[in-house]
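Here the structure comes first, spelled out in structure tokens, and everything after it is commentary.
The values are calculated or read from the model by the stated rules, or taken from the named source; none is laboratory data. Note that the structure is a prediction, hence the values are computed from the model and not measured. Cβ placement follows ideal geometry from the backbone for every residue including glycine, while neighbour counts extend to all protein chains displayed. We work out accessible area using only protein heavy atoms, side chains counted, and drop any ligands, DNA or RNA first. Shrake-Rupley method; radii C 1.70, N 1.55, O 1.52, S 1.80 Å.
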Amino acid sequence: MVHNRLGQTDLHVSPIGFGAFKIGRNVGTKYPRGYDLPADDDVSVLLNTVVDMGINYIDTAPAYGLSEARIGAALHHRRDDIVLSTKVGERFDDGQSSYTFSASAVRTSLESSLRALRTDAVDLVLVHSDGNDLDILHQTDTVDGLLRAREDGLTRCIGFSGKSVAGAAAALPWSDVIMVEYHANDTSHDAVMRDAHAGGVGVVVKKGLASGHLAPPDAIPFVLRHPAVDSLVIGGLNAAHIRENLDIASTMRQA
């Protein structure tokens, strides 16, 4: 599989990334249908199958419940085969999200993630915004914490996963990567995605299927045709469906 360079970083990512939300959490979701959490053994088989398919970009977060620990257990022996991304800012405990944005919280959260993921460093850390993007960026020292984490070698790259166009734009000067929502029903980030690409900032798309409300055969090409998009993160628990999504992306490249 041909991988894309992620902005101007030295990371190369599969056009379809694996969103690891569903392997760790099934409450407080925005998906149209509920689902049971898979057993540990089933998660291990799924994750290794995903990597065997050629998907190397794995996206997780502390707010994804058991996700980080399950990735660590299943893939720590394949660390060199994956581009591993996690987040800071949000946790999910006892059915509730909580948010803490500060340099000290970045360090505490990231060190906890590294232990769960069984690695000395991740490839990418993103701010997991609560929606108050500009307040996080301008009223806290979260960005300072990310910069220090990168300097200290806890992560290779840093960036922002926000909710607003203004937030994504404000994060461009310091980000290696931005993660934005983009699909046929919401193209509001189009201009800032293009600005990011022009400035060498990587662009990862989340919710490209509108949280399961758009059909993959239409939604995946729509996202990947955007010239700024380096990878589209899609979650799932069914290896056959993941393969279908990957085939759609591969067919586009061959056309």
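Okay, here's what the table says:
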| read-out | value |
| --- | --- |
| Number of positions in region 1-36 that are among the hydrophobic types (A, V, I, L, M, F, W, C), out of contact with any helix residue (DSSP H, G or I) (no Cβ under 8 Å at 6 or more places or on another chain), surrounded by 12 or more Cβ atoms within 10 Å (Cβ to Cβ) and part of a loop (DSSP other than H, G, I, E, B) | 2 |
| Test: residue in region 122-130 that is out of contact with any strand residue (DSSP E or B) (no Cβ under 7 Å at 6 or more places or on another chain) and not basic (Lys, Arg) | no |
| Every residue from region 167-182 that is within 18 Å of Ala198 (Cβ to Cβ) and of a type outside the set (Val, Ile, Thr) | Ala168, Ala169, Ala170, Ala171, Leu172, Pro173, Trp174, Ser175, Asp176, Met179, Tyr182 |
| Failed condition for Pro173, given (1) out of contact with any helix residue (DSSP H, G or I) (no Cβ under 9 Å at 6 or more places or on another chain); (2) open to solvent by 10 Å² or more (accessible area, probe 1.4 Å); (3) not in a loop (DSSP other than H, G, I, E, B) | (3) |
| Condition check for Val51: assigned to a loop (DSSP other than H, G, I, E, B) and of a type in the set (A, V, I, L, M) | no |
| Flag if Ile158 is under 28 Å from Tyr99 (Cβ atoms) and touching a Ser or Thr at 6+ places or on another chain (Cβ under 8 Å) | yes |
| Counted residues, region 145-159 - those being touching a helix residue (DSSP H, G or I) at 6+ places or on another chain (Cβ under 8 Å) and open to solvent by 10 Å² or more (accessible area, probe 1.4 Å) | 3 |
| Failed criterion for Arg115 (all others in (1) under 18 Å from Ile58 (Cα atoms); (2) crowded, with 16+ Cβ neighbours inside 10 Å hold) | (2) |
| Filter result for Val165 (surrounded by 19 or more Cβ atoms within 10 Å (Cβ to Cβ) and touching a helix residue (DSSP H, G or I) at 6+ places or on another chain (Cβ under 8 Å)) | no |
